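Below: the structure, in structure tokens.
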Amino acid sequence: MEKIKYFDHAATTGVREEVLQEMLPYFHIQYGNASASYALGRISHQAMQIARNRVAKAIGCKVSEVYFTSCGSESDNLALKGIAYANQNKGNHIITSKIEHHAILESCKTLERQGFEVTYLNVDDKGFVDLQELENSIKENTILISIMFANNEIGTIQPIAQIGEIAKKHHVLFHTDAVQAVGNVKIDVKEMNIHLLSMSAHKFYGPKGVGVLYIQKGVEIERIQDGGHQEANKRAGTENVAEIVALGKAIELADKELEEYNEKLTNLREFLIQELEEKIPDIKINGDRSKRLPGNLNVSFRHVNSQELLMKLDEEGFCASAGSACSTGEPTPSHVLLAIGLDSIESKGALRITLGRENTKQEVEELIESLTRNVQELRNKIV
Ligand SMILES: *Cc1c(COP(=O)(O)O)cnc(C)c1O
């Protein structure tokens, strides 16, 4: 097989060497249970505290406001269900958007079955929620607003600080799924009035299976995983010390390199957009041109089936992803592409290319060449 040319960093990223080295001892030599009081346990506990410090520094919160979880999905579940259950006496209404990750949307569906009421905000053709519509949908019984920081398919970055302002003004809690944003966008939870924030290490060059939920001090939340008293009684289960150490190292590096990383990816992305627009007719860039994740490009090649295009790319060693999930042979358009109003030809031909640390300009040039050739071939194919 050819060398892999990886353009799917929104799906996951590989663990960085520095991160791997830092976590390895905690799998074997330093295996102590972080809750144990003897020295071996204390070493694990201290290593976790360093990680907690690094997370707190990166997002501008207190060390005691960082809670480790098993993934971004768990953080989202805990935020929504935990806040809903803890605030039932205050109200049962939640506001979210139509383009959230399934971890949010499915948690909302569960809550609806349990008697909660959920408003799913529309987004415009670039993927932005309407702040006026948001404010208008706040009611007496609204307990939580959950709007994602940046979208995983089209990269659109929401006006999070303004949403935080609105939540504050109406005394409603505000959660944001920042799984795609951490490591890409500077986040300050205090300045942005964020009460809860989800992240996941494998989206910023840490390992899969570890996440964080930031919970502002004083915010009441009910735990959804019962058992021991770990994570200040908010999340039971023996701590995943090695991966927590890794998450800490990964976020520290990401935060330190944020500007440089952002600039590199933005330049590569703009080059990619420019070349594709020049070389391939009848395409559409989805999402906003500037308020988007630096490494994200979502592009519709009209009159091409992106599933077929992906197979061609795969044969040549390229990893990317489609805008639609193909389960029964008939691709169902993604809820995000539907929400921004793509027609069926545009959503069928949507491809997501997400750039990352290891991508070079030469690799991007190879991708452009391959896309230009394969899109033309697929369009010429007699149907
Ligand atoms: C990947 C992702 C998640 C889920 O994170 P996991 O750690 O894979 O469970 C949630 N929300 C968004 C926006 C994501 O991109």
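May I ask you to list the residues in the range 164-183 that are farther than 20 Å from LYS217 by Cβ, more than 11 Å from the ligand (Cβ to nearest atom) and within 18 Å of the chain's Cα centre (by Cα)?
Residue satisfying the conditions is GLY183 alone.
Can you find a residue that is within 12 Å of the ligand (Cβ to nearest atom) and modelled with pLDDT of 95 or more anywhere in the range 184-197?
The answer is yes, given that some residue of the range 184-197 is within 12 Å of the ligand (Cβ to nearest atom) and modelled with pLDDT of 95 or more.
State all residues of the range 143-164 that are out of contact with any Leu (no Cβ under 9 Å at 6 or more places or on another chain) and either within 22 Å of ASN87 (Cα to Cα) or at pLDDT below 95 (or both); if no residue qualifies, say none.
Selection gives MET148, GLY164.
Can you tell me which of (1) touching a Gly at 6+ places or on another chain (Cβ under 7 Å); (2) within 16 Å of the ligand (Cβ to nearest atom) is the one TYR67 doesn't meet?
In the conditions (1) touching a Gly at 6+ places or on another chain (Cβ under 7 Å); (2) within 16 Å of the ligand (Cβ to nearest atom), TYR67 misses (1) alone.
Which of the following residues is touching a residue at least 40 places away in the same chain (Cβ under 8 Å) and closer than 25 Å to ILE154 by Cβ: THR69, THR96?
Of the residues listed, the single one that is touching a residue at least 40 places away in the same chain (Cβ under 8 Å) and closer than 25 Å to ILE154 by Cβ is THR96.
Hey, among the residues in the range 319-336 that are β-branched (Val, Ile, Thr) and modelled with pLDDT of 55 or more, which one's nearest to the chain's Cα centre (by Cα)?
Here the answer is VAL336.
Taking the range 1-29 on its own, how many of its residues are part of a loop (DSSP other than H, G, I, E, B) and either within 16 Å of the ligand (Cβ to nearest atom) or not acidic (Asp, Glu) (or both)? Before you say what the answer is, go through the steps one by one.
So the first thing to find is which residues in the range 1-29 are part of a loop (DSSP other than H, G, I, E, B), and the list is 1-4, 7, 9-16, 28-29.
Within this subset, residues satisfying the condition of being either within 16 Å of the ligand (Cβ to nearest atom) or not acidic (Asp, Glu) (or both) are 1, 3-4, 7, 9-16, 28-29.
Number of matching residues: 14.
Please go through the range 341-383 and pick out each residue that is part of a helix (DSSP H, G or I), surrounded by fewer than 15 Cβ atoms within 10 Å (Cβ to Cβ) and hydroxyl-bearing (Ser, Thr, Tyr).
SER344
Quick grid of which residues meet (1) farther than 25 Å from GLY287 by Cα; (2) surrounded by 15 or more Cβ atoms within 10 Å (Cβ to Cβ):
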{"position": "GLU74", "(1), (2)": "yes, yes"}
{"position": "TYR85", "(1), (2)": "yes, yes"}
{"position": "ASN89", "(1), (2)": "yes, no"}
{"position": "ALA103", "(1), (2)": "no, yes"}
{"position": "CYS108", "(1), (2)": "no, yes"}
{"position": "VAL129", "(1), (2)": "no, yes"}
{"position": "LYS139", "(1), (2)": "yes, no"}
{"position": "LEU144", "(1), (2)": "yes, yes"}
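Within the range 94-106, which residues are within 16 Å of the ligand (Cβ to nearest atom) and in contact with a strand residue (DSSP E or B) (Cβ under 9 Å, 6 or more places away or on another chain)? Give the steps one after another, and end with the answer.
Filtering the range 94-106 down to residues within 16 Å of the ligand (Cβ to nearest atom) leaves 96-106.
Selection gives THR96, SER97, LYS98, ILE99, GLU100, HIS101, ALA103, ILE104, LEU105.
Please go through (1) basic (Lys, Arg); (2) under 30 Å from GLU358 (Cβ atoms); (3) without any contact (Cβ under 8 Å) to a residue 12 or more places away in the chain for ARG42 and return the number of the only condition it doesn't satisfy.
Among (1) basic (Lys, Arg); (2) under 30 Å from GLU358 (Cβ atoms); (3) without any contact (Cβ under 8 Å) to a residue 12 or more places away in the chain, ARG42 violates only (2).
Go through the range 70-81 and count every residue that is more than 16 Å from VAL189 (Cβ to Cβ) and either among the hydrophobic types (A, V, I, L, M, F, W, C) or more than 16 Å from the ligand (Cβ to nearest atom) (or both).
3
State yes or no: is GLY237 assigned to a loop (DSSP other than H, G, I, E, B), free of Cβ contacts under 8 Å to residues at least 40 places away in the same chain and over 16 Å from the mean Cα position of the chain (by Cα)?
Details: assigned to a loop (DSSP other than H, G, I, E, B): yes; free of Cβ contacts under 8 Å to residues at least 40 places away in the same chain: no; over 16 Å from the mean Cα position of the chain (by Cα): yes.
For GLY237, the condition - assigned to a loop (DSSP other than H, G, I, E, B), free of Cβ contacts under 8 Å to residues at least 40 places away in the same chain and over 16 Å from the mean Cα position of the chain (by Cα) - is not met.
Out of GLY91, GLY41, GLY32, GLY115, which single residue is away from the ligand (no atom under 16 Å from the Cβ), part of a helix (DSSP H, G or I) and modelled with pLDDT of 95 or more?
Of the residues listed, the single one that is away from the ligand (no atom under 16 Å from the Cβ), part of a helix (DSSP H, G or I) and modelled with pLDDT of 95 or more is GLY41.
If you check GLU263, GLU275, which single one turns out to be within 22 Å of the chain's Cα centre (by Cα) and either of a type outside the set (Gly, Ala, Ser) or modelled with pLDDT under 95 (or both)?
Values: GLU275 fails: within 22 Å of the chain's Cα centre (by Cα).
Step by step, each of GLU263, GLU275 is checked, and only GLU263 is within 22 Å of the chain's Cα centre (by Cα) and either of a type outside the set (Gly, Ala, Ser) or modelled with pLDDT under 95 (or both).
Within the range 125-144, identify whether any single residue is hydrophobic (A, V, I, L, M, F, W, C) and closer than 22 Å to GLU74 by Cα, and answer yes or no.
Taking every residue of the range 125-144 in turn, at least one turns out to be hydrophobic (A, V, I, L, M, F, W, C) and closer than 22 Å to GLU74 by Cα.
Does any residue of the range 148-158 turn out to be away from the ligand (no atom under 13 Å from the Cβ) and either out of contact with any His (no Cβ under 7 Å at 6 or more places or on another chain) or of a type in the set (Asp, Glu) (or both)?
No; the residues of the range 148-158 include none that is away from the ligand (no atom under 13 Å from the Cβ) and either out of contact with any His (no Cβ under 7 Å at 6 or more places or on another chain) or of a type in the set (Asp, Glu) (or both).
With respect to ASN53, is the statement that it is surrounded by fewer than 18 Cβ atoms within 10 Å (Cβ to Cβ), modelled with pLDDT of 95 or more and within 21 Å of LEU213 (Cα to Cα) true? Step through it out loud before you land on a result.
Working: surrounded by fewer than 18 Cβ atoms within 10 Å (Cβ to Cβ): yes; modelled with pLDDT of 95 or more: yes; within 21 Å of LEU213 (Cα to Cα): yes.
So ASN53 fits the description; yes.
Would you point out which residue out of LEU247, LEU272, LEU265 is touching a Gly at 6+ places or on another chain (Cβ under 8 Å) and outside the structural domain of ASN53 (by TED's automatic domain parsing)?
Criteria check complete, one pass: LEU265.
The values are calculated or read from the model by the stated rules, or taken from the named source; none is laboratory data. This structure is a prediction, so every number in the text was calculated from the model and none was measured. Cβ atoms come from the backbone with ideal geometry, glycine included; neighbour counts cover every protein chain shown.
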